[in-house]
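Working notes for the structure below.
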């Protein structure tokens, strides 16, 4: 691993010495890359950032973002059928992936993570997924990676409406609508959705505890209902070509039963409930009239969770956020941005004492810069320093590089590398929970080394994007709740995650039939290398972290028909520190849709099957998962004016 | 000759009959050499299984993990085991998620299914005659006040709950003394006294909520006083209850008595000492566990802890054969816990890795 780190650092410095006597790349490739590159990529050369396509989002629009990630990325999502799902990016925990909406980090400040099933795909136009550390850009928590939820600027002129209705197995219902109204200057975009699932699927229950007859029994899942609803309202105003104000408020209400495990389900009496209500507001002013571009943002977030209708034992926070940023591209080859971000946070948690914590303030100062050399080498640097009331946060730099090794009209071969430090400040619960809060916690502290190679080829009927990345991540002061005398959060271990990731996206035509195909594979050994506990396990793959993950997706479009098939492989993973394992499993989904035009209005009917082969599997030990399920949906795009 | 043969035959068969009735020739279904040992109850991870039984043979020093599994053809304990109780050649296991009462024999073989009916979040139990009294928190408990908690009166022979005795306040530890059932209330500053004949309930007020009992040789009770989040108290330690008068006789303060479950205090074989788990800060201000000693004769706690700086201390018991202290530690719910053995002087003897989250142990012979 030392060699890997040394090699990565050397790589960053040898780029500039390579000969630069190669042909300029055709504009089409350059242009394509620039137009698809998010702002984040501009200042993060070498970072692995993947954009979930709108098509993929639409195929899973009835569920949360967890469904999209499980189907179309080789990322492990630990979940049960009942609404609890957490992301484990590159072997890290759910607390180590930051989910961002505008200038807001959506992660709970009390629990540390964002519930993936409570981030509805339907409300967003795009999702950028960044693998690996990005705390220098995204702040606290972005150790394993980050998700950025995007809204596309349409500047609608007229009124358009999109609506979707779908019905599925086990009383699944989805209703969603998006209304775009504007005059090219003003724009209002309203997105609403409602999702319900009784989730009373049948399954074979092997955990009967019946000592007299051990045959698995036919059982039906109880207490796993889900009901989610949300509204995202945008109000945008284009003051001029280079000046605009954009605002979005996202109201979300997610409720679900706490799914009983299989052994309890057999003797089901009642289930407990989890109710989450969130308000997320972000407003941003952008002024690009001058070379020095200015951006200012204001936000407000209210998070509240109530367990089992006990309104006395509420867990929530309120926070105000403000951000100021200036950026300038001095030349086409050099630019920078710098800014500050301030948060004022007030916790509303029954277990906290006002004398210990009644509010907290966060201030981030950041600087980013990019440099292009001879249109072949790109270097970026990011620096961030966060200040927190009564808490010390490490300085967080990152360096990145991309080098176009080979560039011609139809082919591009890039080498990429990135070194990023990262951190996560402990949650409010970790520091202030009752008498068990630990104010002496240190922040988790990580470093991520990344090397990659990216090949792009484009021709008339064939385009492919192949990537191979290798990474090495070391996280110190990893926090876990353990019983050292009382249950308390402590800095207990050091974790090393490394791996190889292969990613391919290919578009081609068979005759006149366009086909999209993607194939991804991850190999990710993750181990604790140090543990403060006497009985701590060191050297074994972390619990609920598969070494092997793969997925594949195929879409065929013929005339007005579209066929999609996707499959995923989740490798074996242990569920405790004794080495007991859950089996690997394969899941496949497919769907068929058809566009219909009626009087210039577009409709789309779709039929899909999830878990096509009715695979019996456990994602989480002792929790049943549904077998084969069906769904029909009807979407419409209406131009009203 | 004929008469001689007849008498001889009668005598022969009579002797045969008596010798076949000799009980000493019946095979013992639970031979001591197979049963004798310390059985550690590993709670596991609530809602995610992981419970197990570890058997420690203290004469040979051999530890067998996953003992229940090996005795039951590979069957896992699906419930998290809160408590174990030995009574009349049976061992009763209180299981959570799913909630049930599991009965095993002294070899930990389970012949019949667990009882789930009218059992909701069982905590501990105590037997009297043909009945097992089980403290239960009920379905969906209100963790602030616990108004719906109860005692289940379980008929051991018919394996059914005959009655639910409403007892608000979160009953935890139970003990029988002087024909009465005593329940330590973990959410109310009192001990409940239940008349076993009439099932009438009276209360003895205590300076803090209580958790477990130890009965002394006179039939009186020591009860632990704890400071809980739901019902805080400045006073922690032990209270002594006179079970004849049902009065709290006196209180012996001890700071930071453990709020763990199942086995936070125990007595040695001659009841000269009580051992109580506490938590305390070490020199670096890290919280860890300790064992305090109460001298029953002088009615005082030793000024210094007998054992200290034990991380993740969850339970304690005393080996009735040699007086050694058995401490159970478990820092995580998915990883191995430890059995740590100390001499009565506090000298460390050895430790063994056991299952996840060991809470208590019972000794069988």
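Derivation of every value follows stated rules applied to the coordinates shown; laboratory data play no part. In this text the structure is predicted, and so the values were computed from the model without any measurement. Glycine also receives a Cβ, built like all others from the backbone with ideal geometry; neighbour counts cover every protein chain displayed.
Quick notes on this structure:
- The Stokes-Einstein estimate for the stretch A:520-641, based on a Kirkwood radius over Cα pairs and taken at 37 °C with 0.692 mPa s viscosity, is a diffusion coefficient of 185 µm²/s.
- Test item: A:475-488 mean partner chain Cβ contacts at 10 Å: 5
- Mean silhouette area of the stretch A:507-583, derived from the convex hull of its C-alpha atoms and averaged over all directions, reads 6.9 nm².
- Spatial extent of the stretch A:36-120: Rg and Dmax, with the Cα atoms as the point set, Å: 13.3, 39
- Take the Cβ atoms of residue A:630 and residue A:212, set R0 to 30 Å, and the FRET efficiency comes out at 0.20.
- Ratio Rg/Rh, restricted to the stretch A:382-510 and using Cα atoms, in which Rh is the Kirkwood radius: 1.19
- The stretch B:166-240 - Kirkwood radius from inverse mean 1/r over Cα pairs (Å): 12.2
- Length, then width, then depth: along the principal axes, the Cα atoms of the stretch A:227-334 run 69, 30, 21 Å.
- Cα pair distances in the stretch A:112-231, grouped into 10 Å bins until the bin that holds the longest one, percent each: 11, 25, 24, 24, 10, 4, 1, 0
- Percent breakdown of C-alpha pair distances by 5 Å bin, ordered from the shortest bin, for the stretch B:99-138: 6, 21, 25, 27, 17, 3, 0
- When A:388, B:126 are arranged by Cβ crowding within 10 Å, least crowded first, meaning fewest neighbours, the order is A:388, B:126.
- Sequence of A:208, B:317 once ranked by neighbouring C-beta atoms within 10 Å, starting from the fewest: A:208, B:317
- Hull-based mean projected area of the stretch A:428-495, where the convex hull spans the alpha carbons, in square nanometres: 7.2
- If the Kirkwood radius is taken over C-alpha pairs of chain A, then at 20 °C and 1.002 mPa s the Stokes-Einstein diffusion coefficient equals 83 µm²/s.
- Kirkwood Rh in Å, taken over the stretch A:349-430 so that all alpha-carbon pairs contribute: 16.2
- At q = 0.11, 0.14, 0.15 Å⁻¹, base-10 log of I(q)/I(0) for chain B (Debye sum, equal scatterers on each alpha carbon): -0.74, -1.20, -1.39
- 10 Å Cβ neighbours from other chains, averaged over peptide A:207-214: 5
- Three principal axis lengths of the stretch A:99-157 [C-alpha, angstrom, descending]: 40, 24, 17
- In terms of packing, defined here as the mean over residues of other Cβ atoms within 10 angstrom, the peptides B:220-227, B:328-335, A:412-419 line up highest first as B:328-335, B:220-227, A:412-419.
- q = 0.13, 0.14, 0.20 Å⁻¹: log10 I(q)/I(0) that the Debye formula gives for the stretch A:131-178, counting C-alpha atoms only: -0.67, -0.72, -0.76
- When the convex hull of its Cα atoms is projected in every direction, mean area for the stretch B:18-174 (nm²): 11.4
- Treating r as the C-beta distance of residue A:298 and residue B:229 and R0 as 41 Å, the FRET efficiency rounds to 0.60.
- Cα-based helix-to-principal-axis angle, B:2-20 vs chain B, degrees rounded to 10: 10
- Each peptide in A:91-97, A:528-534 gets a packing score, the mean of other Cβ atoms within 10 Å over its residues, and the list from highest to lowest is A:91-97, A:528-534.
- Here A:62, A:243 are placed in order of increasing Cβ neighbour count within 10 Å, fewest first, which gives A:243, A:62.
- Mean partner shielding of peptide B:296-306, defined as the number of other chain Cβ atoms within 10 Å of each residue Cβ, is 0.
- Inverting the pair-averaged 1/r between distinct Cα atoms of the stretch A:274-332 gives 14.1 Å as its Kirkwood hydrodynamic radius.
- Largest first, the three principal axis extents of the alpha carbons in the stretch B:100-207 are 43, 33, 23 Å in whole numbers.
- On a per residue basis, the convex hull of the C-alpha atoms belonging to the stretch A:598-641 measures out at 86 Å³.
- Dividing the radius of gyration of the alpha carbons in the stretch B:248-343 by their Kirkwood radius gives 0.97 for Rg/Rh.
- Taking packing as the residue-averaged number of other Cβ atoms within 10 angstrom, the listed peptides A:493-499, A:157-163 run from highest to lowest as A:493-499, A:157-163.
- Histogram of C-alpha separations across the stretch B:39-116, 10 Å bin width, %: 20, 56, 21, 2
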